Amino acid sequence: MSNFRLSRGLCAAVTKLVRGSHQTLTSLFISSGAPGPPSDVAALPHASKWKEWLFRVGQDPDVDSLAVLGNVIEESMDSAPGEWTPEYDAWQADRERVLKALEESGLRYYRGGRVLPVGQPLPDVAPYVQRGPTKPSDVEELLLVVVKGLRRAMYPLTNRRRGATQLSFSSEYDVQDLLHALLRPWVADIRSEEHTPSYAGSSTRMDFLLPAHRLVLEIKFVRDRNHAKSIGNELIIDSDHYRRHPECENLWCVVFDPQNLLPNAEGLKKDLEGIRSTKDGSLNVKLLVL
């Protein structure tokens, strides 16, 4: 991991380049891998929030700050407005300001969202090839790539080109549909809403069953603070149902929490993850919180 301190001058230049509403920029930062926003940063005025948030990224030893920076500026750096439009001159000036700030910090930008220290050689790929994960070797690696990339996949759909209808991801079904679409090219047999065997007098529906991999995907969308408090109980009840299904040995729970309402995400992971066994069978549970 490369944690590189990002100067305030560089952060200020980036803030002038990436424009958008509060919701748009929050989505961009989080989908780019920036943790947060920190509670004290969230309360700052619009003009100051993004600069301070990016600066904090450069202070976090657990974050690859150059990767986050590259993801944040990639679209703005690489997608020029038409030269005949009034936006072009402003975009060019803002882009040059970022390049100069990068140079002053000993950094260089490469197309495709790459930010590297000056003198560090590029990886052995063509400069116009989008960096990204290699072909997954198994279904678990595939799921990690797809699930952790959900926010990044949402960004171009929620911020579409002028005149195109923007999509929103404001419910469980919205997130399920996107995840389903991303998995279909990789997994041949994906069964949605299959019923589980009856347990305690009732049955439930799985979001997605991948029978070849004996794996179930369950997606939760945190709606409000009251719902955030009940997510753990919902997942425990679901796991009790799924354990009885003959084709379910692994349960991946994906909790989408766009407003950071879960009171203790790490505690939830510790409580739920691992092998859960009863007389009805065993289930290996994994939890991912976005």
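The values are calculated or read from the model by the stated rules, or taken from the named source; none is laboratory data. Because the structure is a prediction, the values reported are computed rather than measured. Cβ placement follows ideal geometry from the backbone for every residue including glycine, while neighbour counts extend to all protein chains displayed.
Screening the range 18-94 for helices (runs of 4 or more DSSP H) wholly inside it with 2 or more residues that are basic (K, R) returns the ranges 46-57. Only a single item in (1) surrounded by fewer than 16 Cβ atoms within 10 Å (Cβ to Cβ); (2) hydrophobic (A, V, I, L, M, F, W, C); (3) farther than 22 Å from L290 by Cα is not met by A43, and it is number (3).
If I go through the range 238-272 residue by residue, how many of them are farther than 20 Å from S27 by Cα and not in a helix (DSSP H, G or I)? Break it down stepwise before answering.
Within the range 238-272, the subset farther than 20 Å from S27 by Cα is 238-253, 263-264, 266-272.
Add one more test, that the residue is not in a helix (DSSP H, G or I), and what stays is 243-253, 263-264.
Summing the residues that are farther than 20 Å from S27 by Cα and not in a helix (DSSP H, G or I) in the range 238-272 gives 13.
Kindly provide the set of residues from the range 54-72 that are over 17 Å from G9 (Cβ atoms) and among the hydrophobic types (A, V, I, L, M, F, W, C), ordered by number.
The initial filter retains those residues of the range 54-72 that are over 17 Å from G9 (Cβ atoms), namely 60-64, 67-68, 70-71.
Within the range 54-72, V63, A67, V68 qualify.
Taken over the range 82-115, the criterion of being touching a residue at least 60 places away in the same chain (Cβ under 8 Å), of a type in the set (D, E, K, R) and surrounded by 16 or more Cβ atoms within 10 Å (Cβ to Cβ) is satisfied by D94, R95, R97.
Any chance the range 239-247 includes a residue that's exposed (fewer than 12 other Cβ atoms within 10 Å of the Cβ), at pLDDT below 80 and not small (G, A, S)? Let's see the steps before the verdict.
So in the range 239-247, the residues exposed (fewer than 12 other Cβ atoms within 10 Å of the Cβ) come out as 246.
Cutting the leftovers down to at pLDDT below 80 gives us none.
No; the residues of the range 239-247 include none that is exposed (fewer than 12 other Cβ atoms within 10 Å of the Cβ), at pLDDT below 80 and not small (G, A, S).
Report, by residue number, each residue of the range 72-120 that is modelled with pLDDT under 85, of a type outside the set (F, W, Y) and more than 28 Å from the chain's Cα centre (by Cα). G82, E83, T85, P86, E87, G119 - these are the residues of the range 72-120 that are modelled with pLDDT under 85, of a type outside the set (F, W, Y) and more than 28 Å from the chain's Cα centre (by Cα).
Just to check your reading of the model, which residue among L167, L235 is under 18 Å from L288 (Cα atoms) and either not in a loop (DSSP other than H, G, I, E, B) or not polar (S, T, N, Q) (or both)?
Working: L167 fails: under 18 Å from L288 (Cα atoms).
Just one listed residue meets the conditions, L235.
Which of the following residues is at pLDDT 90 or above, among the charged types (D, E, K, R) and either in contact with a strand residue (DSSP E or B) (Cβ under 7 Å, 6 or more places away or on another chain) or over 15 Å from L150 (Cβ atoms) (or both): K269, K279, K286? K286 is the lone residue from the list that is at pLDDT 90 or above, among the charged types (D, E, K, R) and either in contact with a strand residue (DSSP E or B) (Cβ under 7 Å, 6 or more places away or on another chain) or over 15 Å from L150 (Cβ atoms) (or both).
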